[in-house]
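Here's the structure we're looking at; comments come further down.
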Amino acid sequence: MDIKELQKQYARSAQVAQLAKAVEKSRVKSVYLEGLQASAAALVFSALALKTQRTLLFVLQHADEAGYFYHDLCQIMGDRQSTDGQGAVTERVLFFPSSYRRAIKYGQKDPASEILRTEVLTRMMPGVGGTLIVTYPEALAEQVVTRRTLDRRMLTLEQGQTVSVEQTLEQLRDLGFREVDYVYEPGQFALRGSILDVFSFSHEYPFRIDFFGDDVDSIRTFEVENQLSKERRQRVDIVPELTSDDNGLTVKESLLNFLPDDTLLVFTPTSSPGHSLPATWPPSGASSSATVPPRHPTSPLVSTSHRSQSSTRTSSYWPPPSRTTS
């Protein structure tokens, strides 16, 4: 039996059906799960994802556990994808790390982490659901720019759009992008003839925009190493670095404010709000006594029981009692 068949078996189970039914009830605010060992939690929630188009936010205890859980979800979900607000097919499972390479006190930003964080923000467009986001308290407590700031600092280009190339270059410079001969890292752009390459902070791969005069003829992503095209896009949102705080002048807010109102929040007890989140929790305007952050008053919180049992690294996500309650 391969992992896909195992996921389908979980999706057909009575327990997952009961969980899916419980989280859809508006009167149910919290559901507590027990008995999930090793990668069983990832199987249960990947099976739940087959039954709902709601966004799921998983908050693990720390970066290592979040990384292992994210890996499990990616392995199980495989090539399951969703359509983003740009009509492009994208992965359903996203990782939201801290933007710092080491502890925040060292102040060392990690460009790869910044791309992952920005990708999550740009994917949280109104009307877009079905995304699974994995994070941990330190990353969640690190605030992000507001939706208004993101929209203001975003350059959108669509296939067939008529736009001045010079105006586009000027906008990129205003956003802080640097002109280079060949792009190889986020925050760069290069113009060669009618082809504009831009490495946005919102995507793993740079964009190649081919102009015909002042018309956008085609948009593709491409590999930096070999310059080969990967996929065509109808539209792209080009986003600059968003982690710079402009000496504290940029207004920021919690990631929770970006999530759809029906987002399903999943915690282990030791990573739930008010238990072990850093001192910056709750986000501005939230009540510290709320079980579910007030931004999502109708969203159930799914919590998994955590008992002090040592075994393998993977089983430390959701150590095993023996029953499921709701």
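The values are calculated or read from the model by the stated rules, or taken from the named source; none is laboratory data. Note that the coordinates shown come from a computational prediction; the quantities given were computed from them, not determined experimentally. Every residue, glycine as well, gets a Cβ built from its backbone with ideal geometry; the counts of neighbours run over all protein chains shown.
Per-structure values
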quantity: Filter pass, residue 186 being in contact with a Pro (Cβ under 7 Å, 6 or more places away or on another chain) and farther than 21 Å from residue 225 by Cβ; calculated: no
quantity: Close pairs from segment 215-231: first among the aromatic types (Phe, Trp, Tyr), partner outside any strand (DSSP E or B) and surrounded by 11 or more Cβ atoms within 10 Å (Cβ to Cβ), Cβ under 7 Å, at least 6 apart; calculated: 222/205; 222/206
quantity: Neighbours by Cβ (under 8 Å, 6+ apart or cross-chain): first from segment 174-189, of a type in the set (Val, Ile, Thr); second surrounded by 13 or more Cβ atoms within 10 Å (Cβ to Cβ) and not in a strand (DSSP E or B); calculated: 183/206; 183/224
quantity: Any hit, segment 208-215, residues being outside the structural domain of residue 100 (by TED's automatic domain parsing) and under 26 Å from residue 120 (Cβ atoms); calculated: yes
quantity: Extreme residue, modelled with the lowest pLDDT, among residues of segment 229-275 that are under 30 Å from residue 26 (Cα atoms), assigned to a loop (DSSP other than H, G, I, E, B) and touching a strand residue (DSSP E or B) at 6+ places or on another chain (Cβ under 8 Å); calculated: 273
quantity: Condition met for residue 117 (surrounded by fewer than 13 Cβ atoms within 10 Å (Cβ to Cβ) and at pLDDT 90 or above); calculated: no
quantity: Odd one out for residue 186, checked against (1) part of a loop (DSSP other than H, G, I, E, B); (2) surrounded by fewer than 20 Cβ atoms within 10 Å (Cβ to Cβ); calculated: (2)
quantity: Complete set of residues in segment 195-218 that are closer than 13 Å to residue 184 by Cα and part of a strand (DSSP E or B); calculated: 197, 198, 199, 207, 208
quantity: Positions within segment 180-195 being at pLDDT below 95 and of a type in the set (Phe, Trp, Tyr), in sequence order; calculated: 182, 184
quantity: When residues of segment 149-158 are limited to those that are touching a residue at least 12 places away in the same chain (Cβ under 8 Å) and closer than 23 Å to residue 114 by Cβ, the one nearest to the chain's Cα centre (by Cα); calculated: 150
quantity: Qualifying positions in segment 189-214 - surrounded by fewer than 22 Cβ atoms within 10 Å (Cβ to Cβ) and among the aromatic types (Phe, Trp, Tyr); calculated: 205, 211, 212
quantity: Residue match in segment 125-134 (condition: outside the structural domain of residue 51 (by TED's automatic domain parsing), small (Gly, Ala, Ser) and outside any helix (DSSP H, G or I)); calculated: no
quantity: Checklist (1) at pLDDT 90 or above; (2) touching a His at 6+ places or on another chain (Cβ under 9 Å); (3) crowded, with 21+ Cβ neighbours inside 10 Å; (4) not basic (Lys, Arg) applied to residue 221, failing item; calculated: (3)
quantity: Residue within segment 159-175 that is more than 19 Å from residue 115 (Cα to Cα) and in contact with a Lys or Arg (Cβ under 8 Å, 6 or more places away or on another chain) present; calculated: yes
quantity: Of all residues making up segment 17-32, the number that are closer than 15 Å to residue 49 by Cβ and buried (at least 18 other Cβ atoms within 10 Å of the Cβ); calculated: 2
quantity: Residue among 224, 198, 144, 183 that is in the same structural domain as residue 74 (by TED's automatic domain parsing) and within 27 Å of the chain's Cα centre (by Cα); calculated: 144
